[in-house]
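Taking it in order: structure first as structure tokens, then the write-up.
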Amino acid sequence: MSELGNCYEVHGRFMMNNFEDADDYILVHAEVMGQGQLAGIPYGHCFLIHKATCDLLSLRQNRSESILG
């Protein structure tokens, strides 16, 4: 792998350039496991989660619940 990703820069910049909508997103820094050429190698990654998509189906209550409270 000769190139490094730019996920931190891209998503950080998105949050700064779209601060009016920033409350709708969660900026996540995580360690993920690689796939393909990076299979099994943990590495740092950054991504956005849109809060509206963070709803889970609660099987016990058979209704949608937000995992964000």
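Applying the selection to region 32-69, what residues are aliphatic (A, V, I, L, M), surrounded by 10 or more Cβ atoms within 10 Å (Cβ to Cβ) and at pLDDT 90 or above? Result: V32, M33, I41, L48. For the criterion of being at pLDDT 85 or above, aromatic (F, W, Y) and open to solvent by less than 70 Å² (accessible area, probe 1.4 Å), F19 fails.
The values are calculated or read from the model by the stated rules, or taken from the named source; none is laboratory data. The shown structure was predicted, so the numbers you read here are calculated from the model rather than taken from an experiment. Neighbour counts run over all protein chains shown; Cβ positions are idealised from the backbone, glycine included. With ligands, DNA and RNA removed, areas are computed over all heavy atoms of the protein, side chains included. Shrake-Rupley method; radii C 1.70, N 1.55, O 1.52, S 1.80 Å.
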